[in-house]
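Step one of this worksheet: look at the structure below.
The values are calculated or read from the model by the stated rules, or taken from the named source; none is laboratory data. Keep in mind the model is a prediction, meaning the values are calculated, not measured. All Cβ positions, even for glycine, are placed from backbone atoms using ideal geometry, and neighbour counts span all protein chains on display.
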Amino acid sequence: MASAGRAFQSPKGTRDLYPPDIAVGRHIESAWRDTAINHGFDEINGPTFEHLGLYTVKSGPGIVSELFSFRRAGGDVDYALRPEFTPTLARMYAAQAAALARPTKWFSIGPFFRAERPQRGRLREHVQLNTDIIGDDSPRADAEVVAVAVDILRRLGLTEDDVRVRIGDRTVVGGVLKSCGVAEAKLPEALELLDKRDRLPAEELSRRCEELSLDLGAFDAEAEAEAASDALGSAGASSALGERRRGLAECLDEIGIGGWCDFNLGIVRGLAYYTSTVFEIHEAKGRERAIAGGGRYDNLVELFGGPPTPAVGIAMGDVVLELVLKERQLLTSDVVCQPRPDAFVISAGKKDAQTRFRPLIASLRRDGLHVRHSYRTTHSVGKLLGEAARARARYAVILGDELARGLVVVKDLDEGRQREVPIGELAAALGRRT
RNA sequence: GCGAUCGUAGCUCAGUUGGUUAGAGCACCUGGUUGUGGUCCAGGGGGUCGCGGGUUCGAGUCCCGUCGGUCGCCCCA
């Protein structure tokens, strides 16, 4: 008979997280949350599933095969596990728009789902940070969401030599494309082609360029000139269109992260709803998938029933980020660790020690201390100190013969020093280093 | 959804042209007798060889299917 315990595996593309994995997750999420709060963002969250229509209205019915959708037994409403946060965010903003400050700065951390085959850097369930500024159409807002992402990566130990922010601008690219011969109506198709130009075989790329009457060589030359042009606008044909991009460059320099960023008009992002600025963050040698991606979506809040509202946001997932951090040796045990016990209490085995053992532990816990003890039967102090050290406790508290004088031994497990402490002062003694 | 490749203990892996009761290291547990550290010594638990079928006197080993992992494609939030 098949045992149920063996019959089940975790579903494809999901992760079982054991204590060391949780420690890594907390390390990353703390960096996300603390940094977002430091930058003045308020935390929100939404449901992990939404009405299916929330996603099809924006992306069309083709997206359905890429998400987990379902109906409750006997029901007739279609739901979907959320594949991204932006529609929820736009919905939530639209519902409260009249009461919200301008700009509104929100961040959110939670799980997201997609129904595709897992591969490197991409699972069916992952955790993502979303950081958005709604109601501010200035390049300063674009720079601000990039700054949060950069500060997070810096806090996690990465440098501008490890990761690069690539910034594009769809308006500028559209202008350049038109000047290179692409008809207005063909722009979306041309943007899509640019997004995947590196992944296409050469002959197919040139065939599709021909269809769009796009001269790629001319495009590259002009795009490079635009990207290189300075704030004074010395460049050529598209200098008026590039105004926003140059404003953004100034803002990035002003807040000290210009060195992390490269303008690259080849960056257009796959998603259809971005309106002008788009960005993605990659490992510097381009080794992994994007660590983060985002852009400006000035039409989306209105599409979800709110007032016309400009917005810009960036999303960062945990999977690629963890790969990059691991590769750079930034997830070592000294930086990623499980909660450290304040005390490991040891009974040396005498009757009075045994009597006071559990009440003392309970009392220390009520005082807010993280306290552990052995579940083994041995009272060998040597073995139990070994266990205390393995638990990475700061102090060992030994209940021994001194108990007759109302004292316990407190041993600092890092320094190796120990002293006797009146049992009534134990909690206070454990609250500070000896 | 499509393709390639892999699946032996909690982990990393051995396992001969198919041949008796499937092994090692690490980890875990116990002991080395009564109060001071991750070492050392001895011992122990733990595996339906992912699962299901087939070939064979005999399958961890060969064949088929299936479920997972990994890496690509599609797509990218």
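Does at least one position in segment A:286-301 carry a residue that is among the aromatic types (Phe, Trp, Tyr), in a loop (DSSP other than H, G, I, E, B) and touching a Pro at 6+ places or on another chain (Cβ under 8 Å)? Even if it seems obvious, please write down each step before you answer.
Here is the first cut: in segment A:286-301, the ones among the aromatic types (Phe, Trp, Tyr) are A:297.
Now drop any that are not in a loop (DSSP other than H, G, I, E, B), which leaves A:297.
Subsequent filtering for residues that are touching a Pro at 6+ places or on another chain (Cβ under 8 Å) retains none.
No, segment A:286-301 has no match at all.
So, of the residues in segment A:276-299 that are without any contact (Cβ under 8 Å) to a residue 60 or more places away in the chain and over 20 Å from the mean Cα position of the chain (by Cα), which turns out to be surrounded by the fewest Cβ atoms within 10 Å (Cβ to Cβ)?
Restricting to residues being without any contact (Cβ under 8 Å) to a residue 60 or more places away in the chain and over 20 Å from the mean Cα position of the chain (by Cα), the top hit is A:Lys285.
Quick check on segment A:128-143. Is at least one of its residues among the polar types (S, T, N, Q), part of a strand (DSSP E or B) and free of Cβ contacts under 8 Å to residues at least 24 places away in the same chain?
Filtering segment A:128-143 for residues among the polar types (S, T, N, Q) gives A:128, A:130-131, A:138.
This time we only want the ones that are part of a strand (DSSP E or B), so: A:128, A:130-131.
Applying the additional criterion that residues be free of Cβ contacts under 8 Å to residues at least 24 places away in the same chain yields none.
Scanning segment A:128-143 turns up no residue that is among the polar types (S, T, N, Q), part of a strand (DSSP E or B) and free of Cβ contacts under 8 Å to residues at least 24 places away in the same chain.
Does A:Leu385 meet the test of being in a helix (DSSP H, G or I), more than 7 Å from RNA strand B (Cβ to nearest atom) and under 43 Å from the mean Cα position of the chain (by Cα)?
Values: in a helix (DSSP H, G or I): yes; more than 7 Å from RNA strand B (Cβ to nearest atom): no; under 43 Å from the mean Cα position of the chain (by Cα): yes.
For A:Leu385, the condition - in a helix (DSSP H, G or I), more than 7 Å from RNA strand B (Cβ to nearest atom) and under 43 Å from the mean Cα position of the chain (by Cα) - is not met.
For segment A:114-137, indicate whether the set of residues that are on the phi < 0 side of the Ramachandran plot, surrounded by fewer than 18 Cβ atoms within 10 Å (Cβ to Cβ), aliphatic (A, V, I, L, M) and within 16 Å of RNA strand B (Cβ to nearest atom) is non-empty.
Yes: one or more hits.
Being in contact with a Cys (Cβ under 8 Å, 6 or more places away or on another chain) and either more than 17 Å from A:Ala143 (Cβ to Cβ) or at pLDDT 75 or above (or both) narrows it down to one of A:Leu252, A:Leu248, A:Leu241, A:Leu232, so name that one.
Numbers: A:Leu248 fails: in contact with a Cys (Cβ under 8 Å, 6 or more places away or on another chain); A:Leu241 fails: in contact with a Cys (Cβ under 8 Å, 6 or more places away or on another chain); A:Leu232 fails: in contact with a Cys (Cβ under 8 Å, 6 or more places away or on another chain).
Testing whether each residue is in contact with a Cys (Cβ under 8 Å, 6 or more places away or on another chain) and either more than 17 Å from A:Ala143 (Cβ to Cβ) or at pLDDT 75 or above (or both) leaves just A:Leu252.
Which of the residues that make up segment A:300-331 are away from RNA strand B (no atom under 15 Å from the Cβ) and either without any contact (Cβ under 8 Å) to a residue 40 or more places away in the chain or charged (D, E, K, R) (or both)?
A:Glu302, A:Pro308, A:Arg328, A:Gln329 - these are the residues of segment A:300-331 that are away from RNA strand B (no atom under 15 Å from the Cβ) and either without any contact (Cβ under 8 Å) to a residue 40 or more places away in the chain or charged (D, E, K, R) (or both).
I'd like the full set of residues that are assigned to a loop (DSSP other than H, G, I, E, B) and within 28 Å of A:Val150 (Cβ to Cβ), limited to segment A:29-47.
Residues of segment A:29-47 assigned to a loop (DSSP other than H, G, I, E, B): A:39-41, A:44-47.
Residues satisfying the conditions are A:His39, A:Gly40, A:Phe41, A:Ile44, A:Asn45, A:Gly46.
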